[in-house]
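*Asks:* Please read through the structure below; I'll follow up with questions.
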Amino acid sequence: MEVLRHTLDACRDASAKHGFHVHYAMKANFNPKVLDMIQSFGFGADCVSGNEVKAAIDHGFEKTKVVFAGVGKSDREINLALDADIFCFNVESVQELNIIDGLAAAKGKKANVAIRINPNVDAHTHHFITTGLDENKFGINIWQLPDVAAALRQCRNLQFLGIHFHIGSQITDLEVYKSLCTRINEMQDWFEDHGFQVKVLNTGGGLGVDYHSPDNNVADFENYFQVFKSFLNIKPGQEVHFELGRALVAQSASLISRVLYVKNGLKKNFLILDAGMTELIRPMLYQAYHQIENLSRDSKMNTHSLKYDVVGPICESTDCFQKDVDLPESFRGDLIAVRTAGAYGEVMASGYNLRDMVGSVYSE
Ligand SMILES: *Cc1c(COP(=O)(O)O)cnc(C)c1O
């Protein structure tokens, strides 16, 4: 928890300097203790399901700081968020605008909306976690904006707040965000030219962390926020919002597993762990790298190191954390840490093979 605290401190300081608003993208880690701590730092919540909206409210996030995104919000989820009087719906299609308008009208309410625009900016990250290109399902394409403007003029139960973007995850090249700023400036001009006041610029999240140095654990918040300060055309009275997930929580947890078996093959040595893709699926899902350490052997003392394919117990050949990992010679019973597992780890756990759900242990 200390790493988390330290990270949240750094993010809060770096964003407060510019008066920026940060929402925690809670899909990255919705562990109750994690939510409680993040809430206590005053961050808002970025939710992508009705249950996340409910969890955010239950954990004390202020409703005026809860935003709700997602391409497939169901009527039940929209109603739940309307009842909770959240700050804003990030709307991803013209059809969704009309549906929210109708549901809000039925309740006699006005829903705040921001338009999620697909800016066609390449995030230069893995293609499985790129969201802001024309070919992606997220957001509204730029050529559809005239339809959006027409719908907004017609929908009496919607209040247009501003524009929203989220172009991908694990973005480590800040140049990408400069390109995003250029596009946001163009888009806000478009809305203002068409008679809409843009009060909120929501730039999304995606700031990456260094999976190769898990001990160097605070993301580059200073330079990240500075890019937006320098390159966004922020008008007087306008609010700039962010939705950070991974960068806030990734480095604060490791997956700890035990070696069940060591298999020495002709070509390969395998370390078979008691954890696999049911506990941490990122390596199998998007070829993600996580640093792997043997906690039971001191790598400095032990000169005898071997290459291992570190694999899980699940009946799938893709259930491999990493191939050819250099580790001290390892034995049955050794504890293995898979580092930087605090984001998109436990939350993606599954019951495949009827496995037990992964447990959580906290430090101070
Ligand atoms: C997932 C998501 C985020 C957070 O992404 P990170 O890469 O974890 O920072 C922010 N906004 C939206 C809409 C998302 O779907």
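The values are calculated or read from the model by the stated rules, or taken from the named source; none is laboratory data. Fair warning: this is a prediction, and the values are worked out from it, not measured in the lab. Because the Cβ atoms are built from the backbone with ideal geometry, glycine has one as well, and the counts that use them run over all protein chains shown. These accessible areas exclude ligands, DNA and RNA; they are computed on the full protein's heavy atoms, side chains included. Shrake-Rupley method; radii C 1.70, N 1.55, O 1.52, S 1.80 Å.
*Asks:* Relative to the longest principal axis of the chain, what angle (0 to 90°, nearest 10) does the C-alpha long axis of helix 221-231 take?
*Replies:* 30 degrees
*Asks:* How big is Rg to Rh over the stretch 253-354, alpha-carbon atoms, Rh as the Kirkwood inverse-mean-distance radius?
*Replies:* Values: Rg = 12.9 Å, Rh = 13.6 Å.
With Rh from the inverse mean 1/r over Cα pairs, Rg/Rh is 0.95.
*Asks:* I'd like the orientation of helix 94-107 relative to the chain: the angle between its Cα long axis and the longest Cα principal axis, in ° from 0 to 90, rounded to 10.
*Replies:* Result, in degrees: 70.
*Asks:* Post the alpha-carbon centroid distance, the stretch 154-211 to the stretch 272-330, in whole angstrom.
*Replies:* 38 Å
*Asks:* Taking the stretch 224-273, which trypsin sites (Lys or Arg not before Pro) meet the DSSP loop condition and have no more than 15 other C-beta atoms within 10 Å? Numbers along the way, then the final one.
*Replies:* On the way: sites: Lys229, Arg246, Arg258, Lys263, Lys267, Lys268; in loops: Lys267, Lys268.
The qualifying sites are Lys267, Lys268.
*Asks:* Have a look at the DSSP beta bridges in the chain and tell me what percent are antiparallel, nearest 5.
*Replies:* Numbers: 19 of 52 bridges.
If I count the DSSP bridges inside the chain, around 35 percent turn out antiparallel.
*Asks:* So, one more: Can you work out the Karplus-derived ³J(HN,Hα) for every residue in the stretch 47-54? Use 6.51 cos²θ - 1.76 cosθ + 1.60 with θ = phi - 60°, whole Hz, and x for glycine or proline.
*Replies:* Going residue by residue, I get 10, 10, 7, x, 5, 5, 4, 5 Hz, with x marking Gly and Pro.
*Asks:* May I ask you to give the percent of accessible area on the stretch 253-354 that is carbon plus sulfur, with a probe radius of 1.4 Å?
*Replies:* Working: 2820 of 5310 Å².
Within the stretch 253-354, the accessible surface is 53 percent carbon and sulfur.
*Asks:* Now for a separate question. State the percentage of accessible surface on the stretch 2-251 attributable to carbon and sulfur atoms; use a 1.4 Å probe and exclude ligands, DNA and RNA.
*Replies:* Working: 4890 of 10250 Å².
Answer for the stretch 2-251: carbon and sulfur cover 48 percent of the accessible area.
*Asks:* Mind counting lysine pairs for me in the stretch 253-354? Cα separation below 21 Å, and the two need to be 8 or more apart along the chain or on different chains. Could you put the intermediate results ahead of the total?
*Replies:* Values: Lys263/Lys307; Lys263/Lys323; Lys267/Lys307; Lys267/Lys323; Lys268/Lys307; Lys268/Lys323; Lys307/Lys323.
The result is 7.
*Asks:* Per residue, how big is the convex hull around the C-alpha atoms of the chain? Give it to me in cubic angstrom, could you? Kindly include the intermediate steps, with their values, before the conclusion.
*Replies:* Numbers: hull volume 52.2 nm³, N = 364.
Dividing the Cα hull volume of the chain by its residues yields 143 Å³.
*Asks:* In straight Cα distance, which lysines are under 29 Å from Lys17, not counting same-chain residues fewer than 8 positions off?
*Replies:* Straight-line reach from Lys17, under 29 Å: Lys27, Lys33, Lys63, Lys65, Lys178, Lys199, Lys229, Lys235.
*Asks:* Also, I was wondering about something else. Pull out a ≥ b ≥ c, the square roots of the eigenvalues of the alpha-carbon gyration tensor of the stretch 177-279, then state rounded if a/c is under 1.5, prolate if not and a/b is larger than b/c, and oblate in the remaining case. Write down the numbers at each step before the final one.
*Replies:* Numbers: a/c = 3.67, a/b = 3.25, b/c = 1.13.
Prolate shape, in that a/c is at least 1.5 and a/b is the bigger ratio.
*Asks:* I'd like to check one number: the per residue accessible area of the chain, probe 1.4 Å, reported in Å² as a whole number.
*Replies:* On the way: 16590 Å² over 364 residues.
Per residue, the chain has 46 Å² of solvent-accessible surface.
*Asks:* Now for a separate question. Determine, for each peptide in 97-109, 114-126, 151-163, the mean count of other beta carbons within 10 angstrom over its residues, then list the peptides with the highest first. Intermediate values should be presented prior to the final figure.
*Replies:* Values: 97-109: 16.2, 114-126: 21.2, 151-163: 18.7.
Output ranking for 97-109, 114-126, 151-163: 114-126, 151-163, 97-109.
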